[in-house]
1. Treating only the Cβ atoms of Lys and Arg (+1) and Asp and Glu (-1) as charged, compute the dipole magnitude of the chain about its Cα centre; round to the nearest 20 debye.
2. Mind ordering 406-413, 380-387, 119-126, 218-225 by average Cβ neighbours within 10 Å, highest first?
3. Once label points are set 7 Å from the Cα along Cα→Cβ at both K304 and A70, what is their separation, rounded to one decimal in nm?
4. Where Rh is the Kirkwood radius over the Cα pairs of the stretch 1-52, the temperature 37 °C and the viscosity 0.692 mPa s, what D in µm²/s does Stokes-Einstein return?
5. Given the C-alpha centroids of the stretch 404-440 and the stretch 112-179, what is the distance between them in whole angstrom?
6. Counting other Cβ atoms within 10 Å of each Cβ, which trypsin sites (Lys or Arg not before Pro) in the stretch 33-83 have at most 15 and sit in a DSSP loop?
7. Just to be sure I understand: with springs between alpha-carbon atoms less than 10 Å apart, which residue in A115, A52, A313 has the highest mean-square fluctuation in the Gaussian network model of the chain?
8. Counting Lys +1, Arg +1, Asp -1, Glu -1, what net charge surrounds A34 among other residues with beta carbon under 13 Å of its beta carbon?
Amino acid sequence: MVNRKFMITVSGVAALGGLLFGFDTAVISGAIPAITAYFKLDGNALGWAVGAVLIGCAVGALFAGRLADALGRRFMLIVCAFLFAASGIGAGLSGSLPVFIAFRLAGGLGVGAAAMVSPMYIAEISPAAWRGRLVSLYQLAIVLGILGAYFSNYTLAGIGRDDWRLMFASQAAPSALFAVLLCFVPETPRWLAAKGKKTHALLVLGKINGLVDAPALLEQIDRSFEGQQIGVAEVWKKSYRPAMITGILLAVFQQVTGINAIIYYAPVIFQHIGGNMASPLLQTIAIGVVNVLATCVAIGLVDKWGRRQLLVAGCVLMGLMLTALGLCFRFGYFGHYLVLIFMLLYVAAFGCTLGAVVWVYLSEMFPNRIRGMALSIATLALWVADFAVTYSFPVMTERLGTASIFFVYAAFCLIAFLFILVKVPETKGRSLEEAEALFE
């Protein structure tokens with residue numbers, strides 16, 4: 001008998017890593033005009049100032065897998081909480097661009113590590129029938145963090161010349177709360193089993209799945225670890241290669257279809273439109289609200305409809321909305337809030353599909369023996385793609401125009417649609433040990 005209260009509570013605490021992830025990456029959206037003026041940034045420098053956090057994310061993802069395997073999932077999340085707090089306070093106190101970028105890089109280390117460790121923790125502690133919904137809590141936490149950053153920016157904007165400093169420093173409080181709550185959750189049973197702590201693993205499995213089913217589950221987990229632990233190069237062995245390629249491409253597609261260009265630069269995009277519309281920051285809050293609502297829908301659907309079906313539908317809907325946005329900017333038609341409507345529909349499609357489902361899929365598709373290392377590599381690819389999108393957006397806006405950028409993102413939606421349709425299997429309702437067999 002599944003202990004729902006315990007399972008949801010523990011997963012919810014781990015998912016808070018996503019809350020700080022979303023806040024840390026999105027808070028800069030409201031500070032862009034202020035830091036552009038304060039640091040005297042051109043398009044290239046602005047791309048670095050916004051994208052620096054993503055370089056840190058890539059480095060954090062690269063090392064987080066090995067550290068999480070060696071030191072534990074929970075310990076790594078506590079480290080992430082401290083990095084989040086230090087980044088916010090340090091960026092808020094920065095007096096020069098190099099110092100600002102250095103603290104954004106430090107925050108990126110925490111974001112990159114949390115982005116792989118939080119969903120991995122939830123996947124390893126969740127029963128198969130609940131795993132999709134519980135891992136989707138992580139994406140829900142991300143979009144709540146993004147919305148929180150938007151509200152914080154809107155509230156703090158205009159209160160003084162240094163309002164942007166408060167925007168960054170405000171993330172210290174939730175970071176401290178996250179660190180405290182992590183002290184009260186257990187380590188995952190799969191990590192405990194891998195370290196030979198069978199009694200402890202059995203206790204955690206008993207709390208989640210009931211004492212009757214726990215021994216059989218532990219035996220299944222033990223079998224998945226049979227054989228020699230592998231090195232970095234061996235994750236590319238023929239038996240693991242299909243899962244690695246699929247995971248990396250899904251991670252890249254989540255980013256190159258344009259979501260973070262919208263998340264980071266929405267106020268800038270709305271400023272380009274002009275007219276008698278509400279303030280750009282207020283419209284950005286609308287994007288955050290839609291993102292949260294769409295993710296709630298995904299939580300209800302991911303274990304019913306399945307991962308693959310949602311991914312396919314998302315690519316189609318996102319591609320259509322991006323094409324419509326490109327046409328609006330190409331022909332200069334911005335009337336009746338049309339751009340805002342298309343942008344909200346795009347964000348809704350992303351939140352219901354690629355936003356939540358890719359994290360679910362990545363957390364469950366890799367074998368136990370290589371999960372930490374494989375997730376590091378896939379998440380590294382995700383952050384590199386995110387940086388490419390984030391850095392290139394202001395540069396491409398200056399050189400090609402906004403319409404061309406939206407058409408490029410729509411083309412990536414088409415490529416992702418074809419890949420998922422042909423190559424991505426369904427993992428709904430399977431245990432982690434059963435899911436890995438789909439790629440053998």
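Every number here is computed from the coordinates shown, using simple stated rules; none is lab data. Since the model is a prediction, treat every value here as computed from it, not as a measurement. Every residue, glycine as well, gets a Cβ built from its backbone with ideal geometry; the counts of neighbours run over all protein chains shown.
1. Magnitude of the dipole: close to 320 debye.
2. Ranking, from highest mean packing down: 119-126, 380-387, 406-413, 218-225.
3. 4.5 nm
4. 241 µm²/s
5. 25 Å
6. Working: sites: K40, R66, R73, R74; in loops: K40.
In loop regions of the stretch 33-83 (DSSP not H, G, I, E or B), the sparsely surrounded trypsin sites (Lys or Arg not before Pro) are K40.
7. Per the Cα network of the chain with a 10 Å cutoff, A313 tops the list.
8. It works out to a net charge of +1.
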